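Asks: Sending over a structure as structure tokens; questions will come in a sec.
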Amino acid sequence: MERASKLAGVTARLGDARELPVPDASVDAVLLLGPLYHLAERADRVRALAEARRAVRPGGTVAAATINRHAAVHDMVRTGSYVEERQRETAHAAARSGHMVSPGSGFPAYFHDPEEVPGEFADAGLPGAERYGLEGAFWLYGDVEDWLDGPERRRLLLDAQRSMESVPSLLGVSGHLLTIARRQPAPAARRSGSSRSR
């Protein structure tokens with residue numbers, strides 16, 4: 001927050017995603033790039049999404065990042081910490097329940113099953129959400145940093161990821177999802193004198 005507040009044109013302040021300090025329909029977009037995986041209870045996540053819907057103008061975008069259910073298992077195998085029993089147990093517990101507390105740092109998080117995210121959006125009044133795997137499987141590759149360092153290889157890698165970023169069967173392998181929906185305009189009021197069946 002401190003770094004963001006130093007950027008030109010940015011106002012940053014502490015807040016709660018479940019109670020945004022902005023008027024109704026007052027912003028063009030709401031980005032939830034952290035709150036949904038810090039809210040362990042579904043009701044709180046839906047409330048945060050409903051607040052985002054309230055704050056955004058009709059036609060505006062609500063985008064939310066989530067951590068995938070099996071991300072801890074994938075990451076621990078990738079980094080080598082999966083050989084430690086406590087790490088394995090924590091990762092598999094998170095894969096079963098969605099609730100993760102990092103054994104090292106105590107970092108608590110909620111890990112979504114990719115299939116549950118659109119339902120949370122819909123229950124918050126944001127139907128039709130689209131999901132995108134941010135890293136795809138490429139974050140698990142040992143040489144991904146080399147690909148990202150070179151402009152031509154980076155372009156090819158990003159093109160490859162874009163070609164499959166919304167394939168349902170591949171969403172769960174990505175470490176994170178970005179889910180996006182637009183606030184639907186309010187239905188037009190019925191005109192007086194419209195025909196009715198009698």
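The values are calculated or read from the model by the stated rules, or taken from the named source; none is laboratory data. Here the structure is a predicted model, which is why all the values come from computation and not from measurement. Because the Cβ atoms are built from the backbone with ideal geometry, glycine has one as well, and the counts that use them run over all protein chains shown. To get the accessible areas, we keep the full protein, side chains included, count just its heavy atoms, and leave off ligands, DNA and RNA. Shrake-Rupley method; radii C 1.70, N 1.55, O 1.52, S 1.80 Å.
Asks: Hey, what did region 61-198 get for relative contact order, percent, Cα under 8 Å, at least 6 apart? Each step should come with its number before you reach the end.
Replies: Working: 193 pairs, mean separation 47.0, N = 138.
This gives 34 percent for region 61-198.
Asks: Using only the Cα atoms, what convex hull volume per residue in Å³ does region 54-95 have? Please list the in-between numbers first.
Replies: Numbers: hull volume 4.0 nm³, N = 42.
About 94 Å³ per residue, rounded to a whole number.
Asks: Another question, then. Please compute the contact order of region 75-138 in relative form: average sequence separation of alpha-carbon pairs under 8 Å and at least six residues apart, divided by the residue count, as a percent. Can you show the working numbers first?
Replies: Working: 44 pairs, mean separation 10.0, N = 64.
This gives 16 percent for region 75-138.
Asks: Determine, at each q value in 0.23 (inverse angstroms), the log₁₀ of I(q)/I(0) that the Debye formula gives when each Cα of region 1-115 is one equal point scatterer.
Replies: -1.20
Asks: Do any trypsin sites (Lys or Arg not before Pro) in region 1-90 lie in a loop, going by DSSP, with at most 15 other beta-carbon atoms within 10 Å of their beta carbon, and if so which? Kindly include the intermediate steps, with their values, before the conclusion.
Replies: Numbers: sites: R3, K6, R13, R18, R42, R45, R47, R53, R54, R69, R78, R86, R88; in loops: K6, R13, R18, R69.
Those satisfying the criteria are K6, R13.
Asks: Over region 19-123, what is the relative contact order in whole percent, taking alpha-carbon pairs under 8 Å and six or more residues apart?
Replies: Numbers: 153 pairs, mean separation 30.5, N = 105.
Value for region 19-123: 29 percent.
Asks: Another question, if that's okay. For the chain, what is the accessible area per residue in Å² when the probe is 1.4 Å?
Replies: Values: 12130 Å² over 198 residues.
Counting only protein heavy atoms, the per-residue value for the chain is 61 Å².
Asks: Can you pull the percent of the chain's accessible area that's carbon plus sulfur, 1.4 Å probe, other chains left in place?
Replies: Numbers: 6520 of 12130 Å².
C and S atoms contribute 54 percent here.
Asks: Let me ask something else. What are the radius of gyration and Dmax of region 10-51, computed over its Cα atoms and given in Å?
Replies: 10.6, 30
Asks: Rounded to the nearest 500, what is the chain's calculated 222 nm mean residue ellipticity when only DSSP H runs of at least 4 contribute -39500 (n - 2.57) each, over all residues?
Replies: On the way: 8 runs with 69 residues, N = 198.
Result for the chain: -9500 deg cm²/dmol, rounded to the nearest 500.
Asks: HN-Hα J couplings of region 156-168 from phi, Karplus 6.51/-1.76/1.60, θ = phi - 60°, integer Hz, Gly and Pro as x?
Replies: Running phi through 6.51 cos²θ - 1.76 cosθ + 1.60 with θ = phi - 60° gives 5, 4, 5, 4, 4, 5, 4, 5, 9, 5, 10, 5, x Hz.
Asks: Provide the three semi-axes, in whole Å and in decreasing order, of the ellipsoid equivalent to the chain as defined by the square roots of 5 times the Cα gyration tensor eigenvalues. Write down the numbers at each step before the final one.
Replies: On the way: eigenvalues 242, 83, 76 Å².
In descending order, the three semi-axes are 35, 20, 20 Å.
Asks: Would any residue of region 87-110 have its amide N under 14 Å from a label point 7 Å out along Cα→Cβ of L14? List them or say none.
Replies: Once the point is set 7 Å along Cα→Cβ of L14, nothing inside region 87-110 turns out to lie under 14 Å by backbone N.
Asks: Something else: Take the alpha-carbon centre of region 4-78, take the same for region 164-180, and report the distance between them in whole Å.
Replies: 18 Å
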